[in-house]
Amino acid sequence: MAILRFGSLRLLRGLLTLWFAVTVTFFLVRLLPGDPALAVASPTMTADQRAKMLADFGLDEPLLLQYVNYLAQLVQGNLGISFRQSQPVLDILLERLPWTLMLTGSALVLTLIIGLPLGVAAATHKGGTIDRIVQIGGVVGQSLFVPTVGIALLYAFGLGLGWFPIGGAIDSDVYGFEAYISMARHLVLPALSLVLLQIGAYVLTLRTNLIDALGEEYCNVARAKGSSERTVVWKHALRNALLPTTTLVGLQLGFLVGGAVLTETIFAYPGIGRAIYESVGQLDFPVMQGAFVLLAATVVVANFLTDMAYGFLDPRVRVS
Amino acid sequence: MSRSRPEGMSDATSAAPADPMVLPDGGAPYGSPRARTWRAFRRNPLGTVSVAMLALLVLVAVFAPLIADYPSGYGTEVLSGPSAQHWFGTDNLGRDIFAQVVWGTRTSMVVGLGAAGLAIVLGVAVGVSGAYFKRLDTPLGMLVDLMLSLPVLPLMILVAALAGPSVSTLVVVIAAFSWPEVARVVRSQAMPVVTLSYVDAAHVIGGSNRWVLFRHVLPAVSPVITVSVVLTASRAVLSEAGLSFLGLGDPSSWSWGAILHNAQRSGALSSSWWTAFFPSLAILLLVVAATLCALAYNDARNPRTRQDDHR
């Protein structure tokens with residue numbers, strides 16, 4: 001039962017975050033000086049045309065009513081109509097969402113796969129060469145500018161060595177199994193940029209937690225029983241060190257999504273980030289607003305899943 | 001961009017070779033704590049090099065007009081590589097990239113310091129009041145948590161696009177979404193301080209809340225604030241570069257992100273490496289220098305990691 005209670009509390013928190021995100025953007029968009037109506041209205045419009053257009057978009061009603069309407073529409077999955085493409089925002093974005101999910105998801109998985117052994121190596125050789133390299137790399141990695149990383153990878157592996165395509169998400173003339181290969185090849189460089197961006201935080205956190213865990217009594221007990229150091233590290237200490245590291249996933253998600261916006265721009269990757277970049281150029285506010293809401297929802301869902309996984313793995317969390 | 005990773009930071013700090021506090025022949029470290037911190041900081045080559053780097057960048061920003069002419073007008077040499085005449089090459093309109101980077105330093109510095117200053121004031125106010133006034137702690141903590149779990153860059157993009165691109169927009173937007181991180185760090189540092197007995201004593205002698213806060217609580221958290229200023233400023237520079245790279249920079253002034261934006265939009269990026277390399281290098285130098293500077297300061301302040309000289 002405890003897990004149910006824990007789950008519903010987390011769900012409530014997720015919904016609260018989402019409501020906050022939606023409300024903040026709604027009022028920002030309506031109250032900031034950049035009048036969205038001016039962005040769509042062309043200077044040649046007459047006053048009548050302008051008034052009609054405002055009415056069409058529902059922009060002539062009282063603010064609070066607009067807010068309630070917006071929430072009501074949102075619950076039904078309506079994010080409004082794009083100013084430029086005369087298409088529902090949700091349709092435009094849902095077409096893009098799978099690409100962004102694939103990019104950020106594979107970046108996260110790769111980060112964990114590469115980061116885990118690095119963190120273990122650094123923690124078990126504390127003060128050694130590997131440890132120094134991991135620490136310096138971790139600090140420098142956290143100061144990188146995403147486009148710089150993307151551009152550097154693009155030059156080295158795309159233009160220089162020609163191993164990977166420099167943009168797009170898939171070749172147009174491939175089918176079946178080859179399509180998957182093509183997708184994977186297009187994914188490598190953008191995903192790698194995101195991995196480089198966030199891996200430092202994971203490795204450094206895992207290292208600290210593992211060093212702490214290795215100093216605990218239960219590890220000494222395991223050693224005293226005659227377990228090999230390998231068993232102590234991988235079976236006993238790592239399990240406990242991984243738990244607090246999971247919480248970092250939640251903290252980093254918003255950051256990862258922000259990185260994806262820049263990475264997708266560099267590599268012309270057709271995800272939500274690229275849609276944001278394009279809508280900035282066209283001042284298409286409904287798309288920008290919808291993209292933010294959708295990304296916030298993604299982060300909230302991912303956070304919820306992480307929390308639940310944490311709750312299942314560590315009984316202490318769901319009891320307290 | 002603006003999210004700090006305190007776990008990584010604090011860890012890298014504590015992992016510096018620890019001095020086991022064995023004082024040779026009974027000598028005690030001398031001088032005030034501040035003087036000792038400063039001496040330890042100066043002895044750390046990482047610290048001095050990074051401070052020198054930051055100082056150099058500030059000088060470039062201040063004296064930009066003396067170093068290079070404002071990059072305007074179109075040149076005849078389009079996309080020429082680095083040469084004696086154009087140290088960093090030229091862009092797709094023949095403008096000198098060295099001049100762009102020099103003038104870009106100015107914008108990046110102004111936005112970075114301006115946004116960091118605003119974010120620090122807000123963040124410290126929220127963080128300290130959360131720790132000090134127990135009744136405010138829950139609502140403020142919730143606000144900070146909510147802000148921290150949002151994807152900040154897309155939110156900044158939306159606001160910057162609405163408010164119209166200008167340097168002041170950038171400063172306000174970046175500050176508006178950077179303060180929660182500061183508030184979180186400051187609150188966690190102020191929490192133990194407000195329970196210390198000297199704070200109680202200050203109350204007992206009849207000190208007002210304001211006096212206790214400014215005279216006793218704030219000085220205790222000031223080292224964290226110092227580190228926060230440096231880290232927040234470097235993150236603000238990254239945010240500014242990110243927004244400018246997406247085309248949301250101030251169109252009337254050069255910035256490092258704007259140079260990259262031009263290179264990306266004109267397609268020069270893939271044919272002329274120098275259009276991307278030099279602004280990227282400038283960003284990297286500034287941010288790495290700021291990060292190392294903060295780390296070195298943390299090390300120097302911590303009696304367990306610094307090596308005091310003894311007499």
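Okay, here's what the table says:
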{"quantity": "Index of the failed condition, residue A:42 passing every other in (1) among the hydroxyl-bearing types (Ser, Thr, Tyr); (2) open to solvent by 70 Å² or more (accessible area, probe 1.4 Å); (3) at pLDDT below 65", "calculated": "(2)"}
{"quantity": "Near pairs, Cβ below 6 angstrom, 6+ apart or cross-chain, from segment B:281-292 (among the charged types (D, E, K, R)) to any residue that is not in a helix (DSSP H, G or I)", "calculated": "none"}
{"quantity": "Residues (closer than 21 Å to residue A:304 by Cβ and open to solvent by 10 Å² or more (accessible area, probe 1.4 Å)) located in segment A:279-293", "calculated": "A:293"}
{"quantity": "Top-ranked residue of segment B:154-199 - restricted to ones that are of a type in the set (Val, Ile, Thr) and within 14 Å of chain A (Cβ to nearest Cβ), ranked as surrounded by the most Cβ atoms within 10 Å (Cβ to Cβ)", "calculated": "B:174"}
{"quantity": "Condition met for residue A:90 (closer than 27 Å to residue B:243 by Cβ, open to solvent by 40 Å² or more (accessible area, probe 1.4 Å) and not in a loop (DSSP other than H, G, I, E, B))", "calculated": "yes"}
{"quantity": "Residue among B:263, B:220, B:268, B:290 that alone is within 12 Å of chain A (Cβ to nearest Cβ) and farther than 22 Å from residue B:71 by Cα", "calculated": "B:290"}
{"quantity": "Selected residue (criterion: nearest to the other protein chains (Cβ to nearest Cβ)) from residues of segment B:242-260 that are crowded, with 24+ Cβ neighbours inside 10 Å and small (Gly, Ala, Ser)", "calculated": "B:242"}
{"quantity": "Evaluation of residue A:224 against (1) surrounded by fewer than 19 Cβ atoms within 10 Å (Cβ to Cβ); (2) in contact with a helix residue (DSSP H, G or I) (Cβ under 9 Å, 6 or more places away or on another chain) (one fails), failing number", "calculated": "(2)"}
{"quantity": "Complete set of residues in segment A:237-263 that are open to solvent by 10 Å² or more (accessible area, probe 1.4 Å), among the polar types (S, T, N, Q) and within 11 Å of chain B (Cβ to nearest Cβ)", "calculated": "A:245, A:247"}
{"quantity": "Identity of the residue in segment B:134-149, hydrophobic (A, V, I, L, M, F, W, C) and in contact (Cβ under 8 Å) with a residue 12 or more places away in the chain, that ends up farthest from the other protein chains (Cβ to nearest Cβ)", "calculated": "B:140"}
{"quantity": "Whichever residue in segment A:177-209 is farther than 16 Å from residue A:264 by Cβ and surrounded by fewer than 18 Cβ atoms within 10 Å (Cβ to Cβ) and, among such residues, is nearest to the other protein chains (Cβ to nearest Cβ)", "calculated": "A:185"}
{"quantity": "Selection within segment B:137-153 - touching a Ser or Thr at 6+ places or on another chain (Cβ under 9 Å) and either in a helix (DSSP H, G or I) or small (Gly, Ala, Ser) (or both)", "calculated": "B:137, B:140, B:145, B:146, B:149, B:152, B:153"}
{"quantity": "Residue list for segment A:215-237, restricted to those being under 19 Å from residue A:122 (Cβ atoms) and in contact with an Asp or Glu (Cβ under 8 Å, 6 or more places away or on another chain)", "calculated": "A:237"}
{"quantity": "When residues of segment A:133-164 are limited to those that are open to solvent by less than 30 Å² (accessible area, probe 1.4 Å) and assigned to a loop (DSSP other than H, G, I, E, B), the one nearest to residue A:200 (Cα to Cα)", "calculated": "A:143"}
{"quantity": "Residue that is within 26 Å of residue A:153 (Cα to Cα), open to solvent by 10 Å² or more (accessible area, probe 1.4 Å) and either in contact with a His (Cβ under 8 Å, 6 or more places away or on another chain) or at the interface with chain B (Cβ under 9 Å from one of its Cβ atoms) (or both), where the choices are A:266, A:272, A:276", "calculated": "A:266"}
{"quantity": "Pairs with Cβ under 7 Å, 6+ apart, first in segment A:213-239 and free of Cβ contacts under 8 Å to residues at least 24 places away in the same chain, second of a type in the set (Ser, Thr, Tyr) and open to solvent by 60 Å² or more (accessible area, probe 1.4 Å)", "calculated": "A:236/A:218"}
{"quantity": "Index of the failed condition, residue B:239 passing every other in (1) within 14 Å of chain A (Cβ to nearest Cβ); (2) without any contact (Cβ under 8 Å) to a residue 24 or more places away in the chain; (3) polar (S, T, N, Q)", "calculated": "(2)"}
{"quantity": "Answer from B:69, B:25 - the residue that is assigned to a helix (DSSP H, G or I) and modelled with pLDDT under 80", "calculated": "B:25"}
{"quantity": "Any hit, segment B:114-127, residues being within 14 Å of chain A (Cβ to nearest Cβ) and in a helix (DSSP H, G or I)", "calculated": "no"}
{"quantity": "Looking only at segment A:159-176, and only at residues there that are modelled with pLDDT of 80 or more and either closer than 16 Å to residue A:264 by Cβ or touching a Leu at 6+ places or on another chain (Cβ under 6 Å) (or both), the one that is farthest from the other protein chains (Cβ to nearest Cβ)", "calculated": "A:164"}
{"quantity": "All helices (runs of 4 or more DSSP H) inside segment A:209-304 with 1 or more residues being within 25 Å of the chain's Cα centre (by Cα)", "calculated": "A:238-266, A:272-282"}
{"quantity": "Filter pass, residue A:130 being farther than 29 Å from residue B:260 by Cα and surrounded by fewer than 18 Cβ atoms within 10 Å (Cβ to Cβ)", "calculated": "yes"}
{"quantity": "Among (1) open to solvent by 50 Å² or more (accessible area, probe 1.4 Å); (2) without any contact (Cβ under 8 Å) to a residue 24 or more places away in the chain, the one test that residue B:94 misses", "calculated": "(1)"}
{"quantity": "Boolean, residue A:174 is part of a helix (DSSP H, G or I) and open to solvent by less than 60 Å² (accessible area, probe 1.4 Å)", "calculated": "no"}
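Residue-wise test of (1) modelled with pLDDT under 80; (2) under 30 Å from residue A:257 (Cβ atoms); (3) in a strand (DSSP E or B).
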position: A:50; (1), (2), (3): yes, no, no
position: A:61; (1), (2), (3): yes, no, no
position: A:73; (1), (2), (3): no, yes, no
position: A:85; (1), (2), (3): yes, yes, no
position: A:99; (1), (2), (3): no, yes, no
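The values are calculated or read from the model by the stated rules, or taken from the named source; none is laboratory data. Computed from a prediction, not measured in an experiment: that's the story for all the values here. Methodologically, a virtual Cβ is constructed for each residue, glycine included, from the backbone with ideal geometry; neighbour enumeration extends over all protein chains shown. Ligands, DNA and RNA are stripped out before the accessible areas are found, and what is left, the full protein with its side chains, is counted by its heavy atoms. Shrake-Rupley method; radii C 1.70, N 1.55, O 1.52, S 1.80 Å.
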